[in-house]
Each structure stands twice: as structure tokens, then as C-alpha cells.
1. In the range 123-148, which residues have a backbone nitrogen under 19 Å from the label point lying 7 Å from GLU97's Cα in the Cα-to-Cβ direction?
2. Which of the three applies to the range 500-542, rounded, prolate or oblate, going by the alpha-carbon gyration tensor with a ≥ b ≥ c and a/c under 1.5 meaning rounded?
3. Using θ = phi - 60° and the Karplus relation 6.51 cos²θ - 1.76 cosθ + 1.60, list the HN-Hα couplings for the range 388-399 in order, rounded to whole Hz, with x at every Gly or Pro.
4. In the chain, carbon and sulfur make up what percent of the accessible area (probe 1.4 Å)?
5. Rounded, prolate or oblate: pick one for the range 105-298, where a ≥ b ≥ c are the square roots of the eigenvalues of its C-alpha gyration tensor, a/c under 1.5 means rounded, and failing that, prolate if a/b is larger than b/c, else oblate.
6. Once each part is reduced to its C-alpha centroid, what is the distance from the range 120-143 to the range 90-111 in angstrom?
7. Once label points are set 7 Å from the Cα along Cα→Cβ at both GLN426 and LYS181, what is their separation, rounded to one decimal in nm?
8. The range 418-448 to the range 232-260: how many Å between their Cα centroids?
Amino acid sequence: MSEPQRNKPLVSSSEAWQQLQQHATEMASQKPLSVLFEQNPERFQQHSIQLGSLLFDYSKQRVTTETLKQLMALARQQQLPEKIQQLLQGASLNQTEGRAALHTALRSPADAKIIVDGRNVVTDVHQVRQQMTTFVERVREGVWRGFTGKRITDVVNIGVGGSDLGPKMICRALRPGYGEKEPIRVHFISSIDGAHAADILPRLSPETTLFVVSSKTFTTTDTLANAAAAREWLAQASQHPRAVAQHFVAATADPQQAERWGVPQENVFPFWEWVGGRYSMWSSIGLTIALYLGMERFDALLQGAQQIDQHFSEAPLEQNIPVLMGLIGVWNSNFLGMPGQVVLPYAAHLSHLSNYLEQLEMESLGKSVTQQGGVVDYDTGPIIWGGVGSNAQHAFYQLLHQGTRFAPMDFILPIDPAGAEAEQYQLTIANCLAQSRAFMVGQQSEDPHRLHPGNRPSSTLLLDALTPHTLGMVVALYEHKVFVQSVIWEINPFDQFGVELGKKIATQLHQHLIGEGEAGEYDGYDSSTRGLLQRIEQRGKQR
Ligand code: F6P
């Protein structure tokens, strides 16, 4: 690794950045979006891209040809094309942790070659995929059975963060049309308070339940506490020495740690340090998805993502969907001053998508120092939030329509109504298109309370249908969008040191709460923490 250059000038002092700043000032006094549409009947054709079963429409973003030209100049100045190739070929781009970020290798075809430390990682990936295929078939066909010889009917994923959100989002999204027809039900336990376990376990039978303990590190307190509770639940019911071996498997990048915990070696599905937790659902972390939907569907998900990887690698910047998504995000945030990004799927089954993207985007881009260690003087990752669009209309859209602050929106609309009643689904489509239009055109009114300023930007991702393939495309688009933004902002999207401090303090506090803390250690805490602890202890004594 080369020496970090903390004093390297920031991107904000570069020519391309400053020209964009100048351009944004000029744009402020220019025509609103509605006029741009009126004046250019080709605006949609010029600012939308169809890629297989997915259409990306960014014509309702506040960009002109000149804006795009300048954003492309910024991307080239930041060597984005070179960085994309480095990412895909396994260069050590995660500089703070000294490793590659190769989630794309997880969806590479078997004959691809990606060499890391002299080894073709694609061979390892396909070996584990084969292990998964064999296991998934055995469980789904009833060859793998529980301790009393009954078939597995329920799979419980125990994990948190990247080891929970991806599998949960995908299983929920593909339940209609896919999962609902399958013999296996899935459940997710993630909360550290044990509430999920308390909700879910009593409804299941230990004889027919398989637990997938998903954890990259296999040290996460939340997951280990839940896994221990599940093991205890099983032990109480089974009193059988082979029960853990028949009912627990693990997906992890630290197989030894899983074995020490008690998962037999043959039940461990490994992955690698170069897979970031929030980029890991394509690895063995996807085992729950594969058990639920079957390996073919899991493969189709990977193929959808692979189609985007190829597009990301080969399409010119101007026609490259994740590049455009990333650059438009930078434009909205750094030059038009919008503080967030809203994700609005118009499909009830995509209800977990915004949670998934919150981790992907905010854990990746929530950084204030460059890869070189310099402190940024510009905004980085936006605040991401969202929810099912048609429900959100009745909740937070008011702010987006008339508030003083608003954020650009991504509408995600499948054309086919998976799981919905076809006629009723037309209401969903109408509402989605109505909202993006309303945000764009606004409404004049003499009554200031009824005035809609309009000119509020959005993009639409229109999917032919919600299938494993299109869903794989959508997720990979966002992964690469994040990467594009990290290159512009010169930050590392693959580490997450910010999450450690809270974990460390929680460990100390927990020692106190269970009576194992060092005497007097409380005294080092601030008066608020001390006061809260005292009240909690008092309350504990009263009960
Ligand atoms: O605390 C944050 C985090 O480390 C995430 O990055 C990760 O996805 C999650 O916790 C779970 O980690 P693991 O898969 O190692 O249990």
C-alpha cells in the first residue's frame, strides 16, 4: 500500500467540482423541470435507459445536458472508469483494511478468473455454491431430516445487519409467485432483546426447524445471544446428542469460530474476508434465500446482479445506469443542497427494501475522512429513508410536497402485480406515476396553503416484473451507485469503524448491569449515563 497523503487537495478544490458549483448557481435561476419537459418533447427518450427488463428514467431529475457533461468530467477527473475496473478485478480498494471488495466475484460465471493473492477466487466461490446446492436440495427434498426423522418445514435465519437484511428483504419480496408455493417457511431472528426469538420459536416445532446462524465474524453479540437461545430451545425439546448437528448450520467467514460454537465442520458454509457484510447476500449468507426459494431462483438473483456488473463494466459512462444514479445523487446532494434520498417501492412486498438500502448506503457512505485520512469539507452519504410508496403517501409525503426541506426520490415500480389483484394493482401504478408527476409539475394556487412548488426531482426504476432476476439487478445497481459516490467523495465504502465505539461501551455497561463491573467504574461516566443507570437499577430493585 502506498503511504496515505493526508494533505492531498480535496475533490472540492478541483476544477470539475468548482465548475459544477458555478453551474448549480446558474441553474438556480433557470427553468423548472416542468418547463424543461414542455420545451423538449424528447426529454424522456434522452434521459432514460432500458436495460433488459429494467427501465431507468431520470428525466425528472434537475439535470440538463450541460449538467451531465460536467458530472461526467468530474467522474473522469476522479478516474471512475479505472476505479470500476479495479473494483471488478479485485484490487485492494478497501485501503483501511488492506483488502479487495469482491462481492461481484460471488456472481461471476464459473469460467471467470479473478486472482487475489495468486488464487482464482471464482473457483472457491463455485465450490461453496456446489456445497450449498447439495445441501439445499437435500433439505428441500426431505433427505436431510430433523432429530426425530421428520422433514424440515421451517428455516430460521439468525443474524443481524448484512447477515439479516438482505435475505429478509429478498424472501419477503419474492414470497408472492415464488416462496408461497414452496414447502418451506422462513423466519428471521435478529433483535438483541430476544423478542423476535420469543415471538417466533413458540410457533415452531423443534423437530422440523433448521437454524441458519449467519454471521461474517461469528462474534456479533446479538447473533450469538439469539443462537444460544435457539440452541437451548432445541436442547430442551430434544435431549438428543445429534440435535445441534441436524438443526444448526452456519454461514460465516470464520469457520473455526462457528465450529468452536458447536456447528459441525460439514455444516459450515464459508465465505471470505473480501466480502463486506452489507454486500454479502450473494455469498453463503444467501443460504436462507436458497433454502426458501430453491437454488435455481438464487442463481437467477445472482444472474440479475451479474447483468448489472457487466453493464457497469462495459457501458459508456453516459449510458451507465449506476454511474448516472451515483452522479445524480452527488449533484442533488453537493450542488443542489438536498440532504437525503428517499426510496419508494410501489409494491407491498418490497417493504424491507428501504431498510436494506439504509444499511448499504449509510454504513458505506457515512464517512467524513477520505481514503487518505484527510477531513472532507463537503457532504458525503445522504440520509436514506423510505417505505412502500402508496402507504408513505398517507404518512410522510406531505413534507416532500410542501415542506421547506425535501429529498430526491427513487420510485421503484414493477409492472406485473406479483401477489396483488391485477385490477386493483392499476391503482398502484396510477399512484406511482401520479406522485412523480405531481412532485415535478407542482400546482399553482392563489391560496398559499394549496400551492405545490413542484420542481422536486425523482427517478423511476420500472421493472417488467418482480422476479429473482430483476431484484438482483436492482440491488446490484444500488451497490454500484454507492461505489460511484465513494469514488467521487474519495471515501472508503467498505469499512465501518464507526460502529465499534458503541459496541465497546455496551460491553462495559453490560458488565455493570449483570453485576460484574469493576467497582467505581461508573464514576467515569457522564452524569446522564450515571443517572439513567441509577434509575434503571432502582427500578430493577422495585420489581
Ligand atoms: O455492527 C455492524 C456490522 O458489523 C455490520 O457491518 C454487519 O453487517 C453486522 O454488524 C453483522 O455482522 P456479522 O455478520 O459479523 O455478524
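1. Residues 125 qualify, since their backbone N sits under 19 Å from the label point.
2. prolate
3. 4, x, 5, 7, 4, 4, 8, 10, 10, 5, 3, 4
4. Using a 1.4 Å probe with all protein chains present, the chain comes out at 50 percent carbon and sulfur.
5. Prolate shape, in that a/c is at least 1.5 and a/b is the bigger ratio.
6. 21 Å
7. The answer from the label model is 2.6 nm.
8. A separation of 50 Å, based on Cα centres.
The values are calculated or read from the model by the stated rules, or taken from the named source; none is laboratory data. Computed from a prediction, not measured in an experiment: that's the story for all the values here. Counting neighbours? That spans all protein chains shown, and the Cβs are built from the backbone with ideal geometry, glycine included. Accessible surface is based on the protein model in full, side chains and every heavy atom, while ligands, DNA and RNA are left aside. Shrake-Rupley method; radii C 1.70, N 1.55, O 1.52, S 1.80 Å.
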